[in-house]
Amino acid sequence: MLAMFLAAIEATIVSTAMPSIVADLGGFSLYSWVFSAYLLTNASTVLLFGKLSDTYGRKPIFMLGILLFLAGSIFAALAEAMGVLIVARFVQGLGAGALMPIATTIVGDMYSKEERAKIQGYLSSVWGISAVTGPLLGGFFVDTLSWPYVFWLNIPLGLLALAGVMIFFKEDIQRRPARRVEFKSSLYIMVLVSLVVLILVEGGLGIQWISFEMMILIAAGGISLFLFINSERVSENPMLPLHLWENHSIRYANLTSFATGMILIGVSSYLPAFVQGVMEQSATVAGFTLTTMSIGWPIAAAIAGRLLLRIGFRLTSILGGTALIVGAGLFSLLTPEKGPFFAASASLFIGIGMGLSTTSFIVSIQNSVEWRSRGIATASNMFMRTLGSAVGAAVLGGILNNRIHDSLEESGLEQEFTVDSANLLLNREARSNLSGEALQVFKEGLTDGLQLVYLCLLFLSIISFILILRLPKKG
């Protein structure tokens, strides 16, 4: 639970601090890359770590994940440029690729089918603790100290988690002859996801859609996809066994997790920017609007643990899908005048939806496979959610950047300002130095762009609900 806390608090504490980080380091157009870099390596290695844990045991891979996460945290805290921070987030993402899925898998190993629903609900309480402490600590560090402290915080917690796992986790498994793990598949999927994110973030802004460079990127992405599928088909020990997708519970749970991953990143990445840049509130207030989402998540997850035993995972998931639609609907109505409390209520419903649905998915997936496939089955769900977040950060970041760029062109200020100049909105002193016209243009661009982002979230929540309805009625 302590190791999971590292990854859980990272989602809330960094989101709260990001406006201040960008105001300090610059590079607003790279805003989404700070999230995409973390999610990119997370998504591309989660399957690898899941497969390695099935082959060599959970403990050594889990400890490796903690060490990588701590190394990335140190580099991030020392970063003096946005490019360095993004590289550090790549390393952090490598570690996170092992933390979340293997922690969840360990719980699946330790407890019986009947106990898993209740225990997974307890495990989700980690998100509640991180929800309360993450945004508050993030806001406190930004307002009174400095943003590197959001990364330094990981070091003592990570070392304590590492010591605890080394001393107390006794793994007793029957060792089987280790088969060669296909590392090539992990490389192919990393290249593929990297190219997809690059295309979606820079398309139409840094790289024109109709250009030789874009054609090269698309062709390289297609080749990477072909190589990944071919590698999986011929491998004796595939990274993501295709037979898992024949299980209806796994197939539709994973597809829904892809969509909800996009929703999650859309809220956690850009809500603080809206609250600070448009509503002109402090980092602490911005953190509060995210806190409600992360409080709603564990409470709903704990309730889901009980509901699963009474009404089954499908109906519990449907309740979660309904809450997601309500939350996304409220976000689509969000304006600067409605204030942070309205934003916080929308976040709450998103959290409730995530708590009900994700707990249902994990329990149903783990109950449908045996030990030797449980690691990769659990990791496949984490992979799809993280992949959704990576793609979501790219798509939604691209929409926001393009809208701000269009606002500058329409106002005739594109010669004086760039998309990166939106940094000025996130710094109280710099914002006061902007002319009345420039301030209005940036506010309108950011508002319009984020409203488009929130309309996308509503569309994604409807897609999620439709996919949940496809889950098997019994299982």
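The values are calculated or read from the model by the stated rules, or taken from the named source; none is laboratory data. It should be emphasised that the depicted structure is a prediction, and the values quoted were computed from it without experimental measurement. Glycine also receives a Cβ, built like all others from the backbone with ideal geometry; neighbour counts cover every protein chain displayed. SASA here: full protein model, heavy atoms, side chains in, ligands and nucleic acids out. Shrake-Rupley method; radii C 1.70, N 1.55, O 1.52, S 1.80 Å.
Please state which one of 356, 413 is open to solvent by 10 Å² or more (accessible area, probe 1.4 Å), aliphatic (A, V, I, L, M), over 14 Å from the mean Cα position of the chain (by Cα) and at pLDDT below 75.
Values: 356 fails: at pLDDT below 75.
Of the residues listed, the single one that is open to solvent by 10 Å² or more (accessible area, probe 1.4 Å), aliphatic (A, V, I, L, M), over 14 Å from the mean Cα position of the chain (by Cα) and at pLDDT below 75 is 413.
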Output for Cβ contacts, cut-off 6 Å, separation at least six or different chains, first residue over 14 Å from residue 193 (Cβ atoms) in region 206-229, second outside any helix (DSSP H, G or I) and of a type outside the set (A, V, I, L, M), reads 209/203
When every residue in region 80-120 that is in contact (Cβ under 8 Å) with a residue 24 or more places away in the chain and of a type in the set (S, T, N, Q) is compared, the one farthest from residue 52 (Cα to Cα) is 120
Please enumerate the residues belonging to region 244-264 that are of a type in the set (A, V, I, L, M, F, W, C) and at pLDDT 80 or above.
250, 253, 255, 258, 259, 262, 263, 264
Could you check region 246-264 and list, in sequence order, the residues that are within 17 Å of residue 362 (Cβ to Cβ) and free of Cβ contacts under 8 Å to residues at least 60 places away in the same chain?
251
Among residues belonging to region 430-440 that are open to solvent by 20 Å² or more (accessible area, probe 1.4 Å) and in a helix (DSSP H, G or I), point out the one that is modelled with the highest pLDDT.
440
Of the conditions (1) surrounded by fewer than 20 Cβ atoms within 10 Å (Cβ to Cβ); (2) within 28 Å of residue 109 (Cβ to Cβ), residue 316 satisfies every one except a single condition; which number is it?
(1)
Taking only region 441-469 into account, find how many residues are out of contact with any Ser or Thr (no Cβ under 7 Å at 6 or more places or on another chain), closer than 26 Å to residue 309 by Cα and either open to solvent by less than 20 Å² (accessible area, probe 1.4 Å) or modelled with pLDDT under 90 (or both).
1
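Yes/no matrix, rows are residues, columns are (1) touching a strand residue (DSSP E or B) at 6+ places or on another chain (Cβ under 9 Å); (2) in a helix (DSSP H, G or I); (3) open to solvent by 20 Å² or more (accessible area, probe 1.4 Å); (4) under 21 Å from residue 134 (Cβ atoms):
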| residue | (1), (2), (3), (4) |
| --- | --- |
| 233 | no, yes, yes, no |
| 243 | no, yes, yes, no |
| 261 | no, yes, no, yes |
| 275 | no, yes, no, yes |
| 290 | no, yes, no, yes |
| 296 | no, yes, no, yes |
| 302 | no, yes, yes, yes |
| 328 | no, yes, no, no |
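Residue by residue, here is whether (1) modelled with pLDDT of 80 or more; (2) within 17 Å of residue 379 (Cα to Cα); (3) acidic (Asp, Glu) holds:
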position: 34; (1), (2), (3): no, no, no
position: 37; (1), (2), (3): no, no, no
position: 47; (1), (2), (3): no, yes, no
position: 58; (1), (2), (3): yes, yes, no
position: 61; (1), (2), (3): yes, yes, no
position: 68; (1), (2), (3): yes, no, no
position: 82; (1), (2), (3): yes, no, no
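Given the criterion in contact with a helix residue (DSSP H, G or I) (Cβ under 8 Å, 6 or more places away or on another chain) and closer than 16 Å to residue 454 by Cβ, identify the matching residue among 389, 345, 368. First the steps, then the outcome.
Details: 389 fails: closer than 16 Å to residue 454 by Cβ; 368 fails: closer than 16 Å to residue 454 by Cβ.
Result of the check over 389, 345, 368: 345.
Quick one: in region 245-259, which of the residues that are open to solvent by 20 Å² or more (accessible area, probe 1.4 Å) and among the hydrophobic types (A, V, I, L, M, F, W, C) is farthest from residue 387 (Cα to Cα)?
Filtering region 245-259 down to residues open to solvent by 20 Å² or more (accessible area, probe 1.4 Å) leaves 245-248, 251-252, 255, 258.
Then keep just the ones that are among the hydrophobic types (A, V, I, L, M, F, W, C); that gives 245, 255, 258.
Values: 245: 16, 255: 11, 258: 7 Å.
The extreme case among them is 245.
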What's the number of the only condition in (1) surrounded by fewer than 24 Cβ atoms within 10 Å (Cβ to Cβ); (2) closer than 23 Å to residue 145 by Cα; (3) modelled with pLDDT of 80 or more that residue 23 fails to meet?
(3)
Residue 224 versus (1) among the polar types (S, T, N, Q); (2) open to solvent by 60 Å² or more (accessible area, probe 1.4 Å); (3) under 30 Å from residue 358 (Cα atoms): which is the lone unmet condition?
(2)
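From the list 319, 307, 356, 315, exactly one residue is in contact with a Leu (Cβ under 6 Å, 6 or more places away or on another chain), farther than 22 Å from residue 392 by Cα and part of a helix (DSSP H, G or I). Which is it? Don't jump to the end; show me each part of the working.
Working: 307 fails: in contact with a Leu (Cβ under 6 Å, 6 or more places away or on another chain); 356 fails: farther than 22 Å from residue 392 by Cα; 315 fails: in contact with a Leu (Cβ under 6 Å, 6 or more places away or on another chain).
Answer to the check: 319.
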Scan region 115-168 residue by residue and report those that are modelled with pLDDT of 85 or more, of a type in the set (Gly, Ala, Ser) and crowded, with 16+ Cβ neighbours inside 10 Å.
158, 161
So which pairs qualify, if the first residue must be in region 296-308 and among the charged types (D, E, K, R), the second must be part of a helix (DSSP H, G or I) and at pLDDT below 85, the Cβ gap must be under 9 Å, and the two must be at least 6 apart or on different chains?
306/117; 306/118; 306/121
Looking only at helices (runs of 4 or more DSSP H) that lie completely in region 1-85, which have at least 2 residues being farther than 21 Å from residue 152 by Cβ and out of contact with any strand residue (DSSP E or B) (no Cβ under 6 Å at 6 or more places or on another chain)?
31-56, 58-77
Might you check whether a residue that is within 23 Å of residue 109 (Cβ to Cβ) and open to solvent by 10 Å² or more (accessible area, probe 1.4 Å) occurs anywhere in region 339-346?
no
